[in-house]
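Asks: First, the structure itself, so that you have it in front of you.
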């Protein structure tokens, strides 16, 4: 069901769909849309793990659409 272990960190290339290759992402959003969400505060800034690598916890991605009302 879920190919990511608990505590996994994912890059924006895994989160967002790629229109050039047609690969789906975890969310139906573009890279620019994702970074707009980060800038607006909808999602927290990722964690830098290198000069050019930013990651987000997989739990954050899976919980973006959940609200208390859905439980």
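Asks: Which of the numbered conditions does residue 4 fail, given that it passes all the others? Conditions: (1) assigned to a loop (DSSP other than H, G, I, E, B); (2) loosely packed, with under 13 Cβ neighbours inside 10 Å; (3) modelled with pLDDT under 90.
Replies: Of the numbered conditions (1) assigned to a loop (DSSP other than H, G, I, E, B); (2) loosely packed, with under 13 Cβ neighbours inside 10 Å; (3) modelled with pLDDT under 90, the odd one out for residue 4 is (2).
Asks: If you don't mind, there's one more thing I want to ask. Go through region 39-60 and count every residue that is surrounded by 13 or more Cβ atoms within 10 Å (Cβ to Cβ) and over 10 Å from the mean Cα position of the chain (by Cα).
Replies: Here is the first cut: in region 39-60, the residues surrounded by 13 or more Cβ atoms within 10 Å (Cβ to Cβ) are 43, 46, 54-58, 60.
Subsequent filtering for residues that are over 10 Å from the mean Cα position of the chain (by Cα) retains 54.
Total satisfying the criteria: 1.
Asks: Let me confirm something: among 14, 21, which residue is closer than 14 Å to residue 59 by Cα and free of Cβ contacts under 8 Å to residues at least 40 places away in the same chain? Spell out the reasoning first.
Replies: On the way: 21 fails: closer than 14 Å to residue 59 by Cα.
None of the others qualify; the one that does is 14.
Asks: What's the total number of residues in region 38-57 that are in contact (Cβ under 8 Å) with a residue 40 or more places away in the chain and closer than 14 Å to residue 16 by Cβ? Give the derivation first.
Replies: Filtering region 38-57 down to residues in contact (Cβ under 8 Å) with a residue 40 or more places away in the chain leaves 49, 53-57.
Those still in the list that are closer than 14 Å to residue 16 by Cβ too: 54-56.
Qualifying residue count, region 38-57: 3.
Asks: Filter region 18-38 for residues that are surrounded by 14 or more Cβ atoms within 10 Å (Cβ to Cβ) and either in a loop (DSSP other than H, G, I, E, B) or in contact with a strand residue (DSSP E or B) (Cβ under 7 Å, 6 or more places away or on another chain) (or both) and give the result.
Replies: 25, 26, 27, 29, 30
Asks: When region 39-48 is examined, which residues are found to be over 19 Å from residue 63 (Cβ atoms) and either modelled with pLDDT under 95 or part of a helix (DSSP H, G or I) (or both)? Outline the logic, then answer.
Replies: Going through region 39-48, the residues over 19 Å from residue 63 (Cβ atoms) turn out to be 39, 48.
Result: 39, single match.
Asks: Cβ contacts < 9 Å: first residue on the phi < 0 side of the Ramachandran plot and part of a helix (DSSP H, G or I), restricted to region 59-70; second residue surrounded by 13 or more Cβ atoms within 10 Å (Cβ to Cβ) and modelled with pLDDT under 90, any location; separation 6+ or different chain. Result?
Replies: Partner pairs satisfying both residue conditions: 61/4; 62/4.
The values are calculated or read from the model by the stated rules, or taken from the named source; none is laboratory data. Bear in mind the structure is a predicted one, so any value in this text is a computation, not a measurement. Ideal geometry is used to build each Cβ from the backbone, glycine not excepted, and the neighbour counts take in all protein chains shown.
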